[in-house]
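Presented below is the structure to which this report refers.
The values are calculated or read from the model by the stated rules, or taken from the named source; none is laboratory data. In this text, all values refer to a predicted model and were calculated from it rather than measured experimentally. All Cβ positions, even for glycine, are placed from backbone atoms using ideal geometry, and neighbour counts span all protein chains on display. Accessible surface is based on the protein model in full, side chains and every heavy atom, while ligands, DNA and RNA are left aside. Shrake-Rupley method; radii C 1.70, N 1.55, O 1.52, S 1.80 Å.
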Amino acid sequence: MGDAAVVLREWRVGDAAVVLRAFQGDDLRDQASWPIVTLKDAEGWIASWRGAGHAFAVTDMTRGGLVVGNVAVTPVVPAFEGPSEAGAVAGTPGAPFQGGAGMVSYWVVPEARGRGVATAAVLALVRWAFGERGMRRLELEHRTDNPASCRVATRAGFVADGVERGRLLRDGVRRDIEHHTLLAAAA
């Protein structure tokens, strides 16, 4: 799936070198659940997406299908949505996306930034999530000191809902997070 320049595909074990290189950069080093310092760590990162949500390798067709990033969606547990059709509370483990809401995340390797790759990847993911998965709400968060991520969110149609002050702790410093949403009805 994707547009003329960006295609999303399943991650492959053979993509581990791209993941390892991406997580060596200062801006992504602390973004994984564990340090990605070996190829085995990167392979584990790829495998960890099974059952946790859905991640796609972002390939740049202008560069021969080279993997240049990641775009993913993970289930969001609603504050309370009542019983689902299956009788379980929405967001129950083992029932991904049962509540119809997901959290979007993405990263792009440095050499592919500034060319619209992240926005194209997020737009492709939005089409997949709303179209193929039948989701009804997507959320996206970024640090307020990351204006590039804010531009990706707004260009992809996400609406800023507000700032959560001091929500994220990185390197001993509390950072503010801006929250965005996109509803299927508005997409």
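Worth a mention:
- Taking (1) open to solvent by 40 Å² or more (accessible area, probe 1.4 Å); (2) within 28 Å of LEU8 (Cβ to Cβ); (3) in contact (Cβ under 8 Å) with a residue 60 or more places away in the chain; (4) not aliphatic (A, V, I, L, M) in turn, TRP128 satisfies each apart from (1).
- Every test in (1) of a type in the set (A, V, I, L, M, F, W, C); (2) at pLDDT below 90; (3) outside any loop (DSSP other than H, G, I, E, B) is passed by PHE80 save one, and that test is (3).
- Of residues in segment 42-61 being within 15 Å of VAL109 (Cβ to Cβ) and without any contact (Cβ under 8 Å) to a residue 40 or more places away in the chain, the one nearest to the chain's Cα centre (by Cα): TRP45
- Scanning segment 136-186 for residues that are open to solvent by 80 Å² or more (accessible area, probe 1.4 Å) and either outside any strand (DSSP E or B) or of a type in the set (Asp, Glu) (or both) yields ARG136, ASP145, ARG151, ARG155, ASP161, ASP171, ALA185.
- Filter result for the condition that a residue is open to solvent by 80 Å² or more (accessible area, probe 1.4 Å), over 22 Å from MET103 (Cα atoms) and not acidic (Asp, Glu), over VAL18, VAL13: VAL13
- Residues satisfying the stated conditions in segment 21-30, i.e. modelled with pLDDT under 85 and surrounded by 18 or more Cβ atoms within 10 Å (Cβ to Cβ): LEU28
- ARG9 being at pLDDT 90 or above and not in a helix (DSSP H, G or I): yes
- Scanning segment 12-39 for residues that are free of Cβ contacts under 8 Å to residues at least 24 places away in the same chain and assigned to a helix (DSSP H, G or I) yields a count of 3.
- For segment 19-43, residues that are within 18 Å of ARG170 (Cα to Cα) and of a type in the set (D, E, K, R) total 4.
- Remark: pairs (first residue in segment 148-163, within 14 Å of ALA120 (Cβ to Cβ); second residue open to solvent by 30 Å² or more (accessible area, probe 1.4 Å) and of a type outside the set (Gly, Ala, Ser); Cβ separation under 7 Å; 6+ apart in sequence or on different chains) = ALA156/LEU123.
- The residues listed here are LEU66, LEU8; of these, the one that is hydrophobic (A, V, I, L, M, F, W, C), over 26 Å from HIS179 (Cα atoms), touching a strand residue (DSSP E or B) at 6+ places or on another chain (Cβ under 8 Å) and open to solvent by less than 80 Å² (accessible area, probe 1.4 Å) is LEU66.
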